[in-house]
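Structure, as structure tokens:
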Amino acid sequence: MQPDLPSLTRICQTEEAALRAIFSDIALTFAPPFTPKIRFKIAHLLDLAEPHRHALQRAHSFHLQSPELRALPMHAPERQYFDAVLRHLRLYPAALARLQTALRQRLPLFPPAPPPYTPEAQTLALHSRTWDHMHSHLSPHPPNLYHDAPGHHGDLPYPTTDFLRYAMAARRICLAMDKHAPAFLDVGCGVGLKVFQAAELFARADGLEYEPDHAAAGQAMMQRGGWPSAQIFHADALTFPHYGDYDVLYVYKPMYGEPLEQMERHLTTQASPGTLLIAPYLDFTTRFETLGCTRIENFLYMIRPLKTLPAILKRAVQVGCALPARPKNGYAEDGFLNPLHLALRRWGHGD
């Protein structure tokens, strides 16, 4: 006998609740490092989910034959409910494939650069060149090596593709340290293009700038560009008192000579232990150890490194590179897959 529509609805709701409970258990288990024990437990939970998925599919198929459903208008709540069930069932294979990929993934913090003159290498070069032109366009003053103030450089751009490699690696390390809402600060940010890019990666992205005109231009750009929470403020890096509020610090030649060394001492003294520092200039490579820093790779350092740093780096290669999800009106977050989607995004593996 064909079940009526209320009975089918109750069956679907029961199976969805069972699936949500299983995926909630998977979400609690899903955290790097993905040891054999974790992978075995997740595989067992997925096996438990299969009978419920089949039951949900069967109940959804039955509803299509219901005369009660065919009599309902398109926007009736009952019809919309069964449409949502179908959407979630269609998302199921892709969500499981993403989960399996994440469990197997091992990505180096700094993947090898593409060979020179290949299409990918030239695309990256064009990307950096375009951002350099944008920097010149936005800057109130032409980029220059020296500022009127003694010991201060002018607003100098660093290649954007290199910066993003370091920023992505820093974000993955932050997640490996269980910092899931990391804060970023560009020290000497100029017009703030690096802050604008970092806002895509970090929960909070701010910039500190000595030149008031540059700070004002950067803050206006943040407002127009859709990052109203990002702050570019006028301040002196030599006396700034809040370096300890940030998880990732970026410094690229804001000063030279003794003022630069004074700023480095002030910054590394104030920053919290385990803070990541991106400092892509050669001067720092000669004195980072005297400032209590450890080099992670190339120009990426950790200030007063944690004893667990080797374990953190081992964990970081299993953290994904997916960008943080922006708020959207889609339905991927809905239904019984919600706990799995949130867990994947939490570790950089979501969409």
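The values are calculated or read from the model by the stated rules, or taken from the named source; none is laboratory data. Only a predicted model underlies this, so the values are computations on that prediction, with no experimental measurement involved. Quick reminder, even Gly has a Cβ in these numbers, built from the backbone with ideal geometry, and neighbours come from all protein chains shown. Remember, those area values only see protein heavy atoms, side chains included, never the ligands or the DNA or RNA. Shrake-Rupley method; radii C 1.70, N 1.55, O 1.52, S 1.80 Å.
Does any residue in region 126-155 that is modelled with pLDDT under 85 come within less than 8 Å, Cβ to Cβ, of a residue that is among the basic types (Lys, Arg) six or more places away or on a different chain, and which pairs are these?
His153/Lys253
Does at least one position in region 31-39 carry a residue that is within 18 Å of Ala95 (Cβ to Cβ), open to solvent by less than 20 Å² (accessible area, probe 1.4 Å), under 34 Å from the mean Cα position of the chain (by Cα) and among the β-branched types (Val, Ile, Thr)?
For region 31-39, residues within 18 Å of Ala95 (Cβ to Cβ), open to solvent by less than 20 Å² (accessible area, probe 1.4 Å), under 34 Å from the mean Cα position of the chain (by Cα) and among the β-branched types (Val, Ile, Thr): absent.
Across region 246-263, what is the total count of residues that are at pLDDT 95 or above, farther than 16 Å from Pro305 by Cα and in contact with a Lys or Arg (Cβ under 9 Å, 6 or more places away or on another chain)?
Residues in region 246-263 being at pLDDT 95 or above, farther than 16 Å from Pro305 by Cα and in contact with a Lys or Arg (Cβ under 9 Å, 6 or more places away or on another chain): 1 in total.
Restricting region 193-209 to residues that are without any contact (Cβ under 8 Å) to a residue 40 or more places away in the chain and open to solvent by less than 10 Å² (accessible area, probe 1.4 Å), which is nearest to Phe163 (Cα to Cα)?
Applying the filter and picking the extreme gives Val195.
Give the residue, chosen from Pro212, Pro254, Pro228, that is more than 17 Å from the chain's Cα centre (by Cα), in contact (Cβ under 8 Å) with a residue 12 or more places away in the chain and open to solvent by 40 Å² or more (accessible area, probe 1.4 Å).
Checking each option against the conditions leaves just Pro212.
Tell me, which residue of region 286-310 that is under 18 Å from Asp162 (Cα atoms) and assigned to a loop (DSSP other than H, G, I, E, B) is most open to solvent (accessible area, probe 1.4 Å)?
Asn298
Select, from Arg53, Arg106, the only residue that is part of a helix (DSSP H, G or I) and of a type outside the set (Val, Ile, Thr).
Arg53
Pairs, please: C-beta under 7 Å, at least 6 apart or cross-chain, first residue more than 15 Å from Arg345 (Cβ to Cβ) and in region 21-41, second open to solvent by less than 30 Å² (accessible area, probe 1.4 Å) and not in a helix (DSSP H, G or I)?
Pairs that qualify, where the first residue is more than 15 Å from Arg345 (Cβ to Cβ) and the partner is open to solvent by less than 30 Å² (accessible area, probe 1.4 Å) and not in a helix (DSSP H, G or I), are Pro33/Gln318; Phe34/Gln318.
With respect to Tyr166, determine if the residue is in contact with a Pro (Cβ under 8 Å, 6 or more places away or on another chain), not in a helix (DSSP H, G or I) and not polar (S, T, N, Q).
no
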